[in-house]
Each structure stands twice: as structure tokens, then as C-alpha cells.
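Step one of this worksheet: look at the structure below.
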Amino acid sequence: MSRTGYLQRAAAGMVLAAMVAGAALAQDEPTAAENRAGPDLDSEHLFGFTEGTDLGVPGELELEQETTGRIGKRGGTFRAFDPTLTLKIPLSESFRLAPGLSFAAYDVARGAGLPSAARGGFNGAFLETRARLLDRRTAPIGLTLSLVPSLGTIDAGSGLAAASHGLEAGLLLDRELIPGRLVGAVNLTYAFARTRPDGVDAAELASGLEVSGALAYRVRPNVFLGGELRYQRAYDGIGLDRFAGEAVYLGPTVYASVSDHAWMSFTWGVQVAGRAVGEPGPLDLTSFDRHQARLRIGYSF
């Protein structure tokens, strides 16, 4: 069996098993309903790339479709879209599992360091695990630990076929600055990946750090507007071995509950500052993108 075929079967089995397990849980108030003028808030999706500490309602399944768009790199045309489909299963007030499938579509024109690539389709699978350490309703802040191991068949930097696996570890913090109206969040993230392009024996090792902060303010009973600031650093080697570049992104965020069961959020971040080792110019368009956007749509049942 090919590597892609194996991943497809394994990922489909993982999602099916999760759905069967989740079906046995009792239903409670949907998370989208909590953000429709109620006194309680579900903070997870109120921001953009930054996320809140809430895990959803135990007994409730949530299906989330997320599409991340990345545009612009040095020396050529670069457009990438990375959709994912995730089933979120809160097993308790403080623990959640979320298996998911990832897809990809790339349009890369030949340029400096960017071999041409035009491909799309299934990419891989991941399993998000979240544990809430502090609940902001009973503690000064909310605090959640997130771990996301993943497998993929496409190199995220070039769009070329590759075997890859990695891990993203995040510490999520949030607080209601004005209860029921203004929410702030900070995320600290470390990630690493091992990627071996098809036809190449040697693997490429990379890692990165990200610190992000965001605010979301309720402007209507079911709508939050806000802003987000993110700082990212890229390294060669999985242990933050050799500094490669850094970037700062700034952009607006919007969240809306469209019904008691459905919600959507959107953000567009623009690289406003950065630098790449050995490259001229005020931005890092080698390790990072000029624009990054994310659209999320969720439905609970």
C-alpha cells in the first residue's frame, strides 16, 4: 500500500472511531449558543490564529472546517491553501480530543529558492489533545495545554511531495477583561517538523517559536470584533538550533454566532516587520509569508 493510501485509511479510521465514541456522550448546551448574548462565553474561537482556553461543552460534538491561506514569498509567486476538517470531542470539563484530516492546494511559480509546484488534494492527519489546567471562571486566568502531532505528504514550505511529521505544543492563556464583553488571550507555541522530499535521502529539520496576543470585543449580541499581533521565529534543526528568520503579523479578527449551533471566524494578518538571515529587505519572505488568512466554520451537535 502507498504511503498516501495508508494515511487515508488510518485517518479515516481515526475519525470514525472518534465519532462512534462521541455518539455515546450526552448532549448539553451548544458552544455557539454561549456566545449569543449569554453571561458565559466560549473563548476558543473568538480570535484569529490565537485561541482561547475553552474546550467546548462535555457531551457535545463539534465539527470544524478551517482554511488557512498563505500568500507571497521572496523571488516568486506563492499561494497556498491548507484546509482541515476536525471533529472535537470534549471528554470532560478539562480534557478534549480532536482528530482531523488535512488537505492542501499549492500554486508556486519558479523563483529564488521556490521550485515550481501546482498540486492539491489530501495531505495527512493529526490529533489535537487539550488539557485545561486553570479555568478563568474560577481562577485569575484560563490556562490550557495543547499538543498536536501530525503526519503529512506535502512540504508546507514548497508545496512539493514529501513525507513529514511534526509536533506543535502550545500554552494558551485568556481572561475576560470586561466580563461577557471584552476577552484577551495570549498563546505561546513551539513546533518542530521533520520533512523528507520525495526522491531525497536526507531529511530537513526545522522548528519555530510563536508568541501571539489578541483582543475580542462584543459589538453585537452575536458578533465580536478584535485585533491580533503575532511574533514568529524560524530555526533550522528541531531544537531551535540555528536562527533563520523572524516575522511580525498584525491584523483584524471577527467572530459571529450564526445560530445556536453554528459559528464562523475570520482573520487576515499582514507581515509588518521581520528579517531573514542572509537576505536583504525589512521582511522575512523566505521562512514566512507576506499574508496569512484563516477562515473557520463550526457546527455543534
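The values are calculated or read from the model by the stated rules, or taken from the named source; none is laboratory data. Bear in mind that the values here come from a model prediction, so they are computed numbers and not experimental data. Cβ sites come from the backbone with ideal geometry, for glycine too, and all protein chains shown count toward neighbours.
Between Ala163, Ala244, Ala216, Ala156, which is crowded, with 17+ Cβ neighbours inside 10 Å, out of contact with any Lys or Arg (no Cβ under 9 Å at 6 or more places or on another chain), touching a residue at least 24 places away in the same chain (Cβ under 8 Å) and not aromatic (Phe, Trp, Tyr)? Even if it seems obvious, please write down each step before you answer.
On the way: Ala163 fails: out of contact with any Lys or Arg (no Cβ under 9 Å at 6 or more places or on another chain); Ala244 fails: out of contact with any Lys or Arg (no Cβ under 9 Å at 6 or more places or on another chain); Ala156 fails: out of contact with any Lys or Arg (no Cβ under 9 Å at 6 or more places or on another chain).
Step by step, each of Ala163, Ala244, Ala216, Ala156 is checked, and only Ala216 is crowded, with 17+ Cβ neighbours inside 10 Å, out of contact with any Lys or Arg (no Cβ under 9 Å at 6 or more places or on another chain), touching a residue at least 24 places away in the same chain (Cβ under 8 Å) and not aromatic (Phe, Trp, Tyr).
Please report, ordered by residue number, the strands (runs of 3 or more DSSP E) entirely within the range 120-233 with at least 2 residues that are aromatic (Phe, Trp, Tyr) and under 27 Å from Leu87 (Cα atoms).
On the way: elements: 142-154, 161-178, 182-197, 204-220.
Answer list for the range 120-233: 182-197.
Tell me which residues, restricted to the range 94-104, are of a type outside the set (A, V, I, L, M) and at pLDDT below 95.
Taking the range 94-104 as the starting set, the residues that turn out to be of a type outside the set (A, V, I, L, M) are 94-96, 99-100, 102-103.
Once the filter is applied, which keeps residues that are of a type outside the set (A, V, I, L, M) and at pLDDT below 95, the range 94-104 yields nothing.
Among the residues that make up the range 109-120, is at least one of them surrounded by 18 or more Cβ atoms within 10 Å (Cβ to Cβ) and modelled with pLDDT of 95 or more? No, the range 109-120 has no match at all. Selection within the range 69-86: residues that are among the β-branched types (Val, Ile, Thr) and surrounded by fewer than 19 Cβ atoms within 10 Å (Cβ to Cβ). The member of this set that is nearest to Ala32 (Cα to Cα) is Ile71.
Scan the range 219-241 for residues that are out of contact with any Lys or Arg (no Cβ under 7 Å at 6 or more places or on another chain) and among the polar types (S, T, N, Q) and the total you get is 1.
Return the residues of the range 246-290 that are among the β-branched types (Val, Ile, Thr) and in contact with a Ser or Thr (Cβ under 9 Å, 6 or more places away or on another chain); say none if nothing qualifies.
Filtering the range 246-290 for residues among the β-branched types (Val, Ile, Thr) gives 248, 253-254, 258, 267, 270, 272, 277, 286.
Thr253, Val254, Thr267, Val277, listed by residue number.
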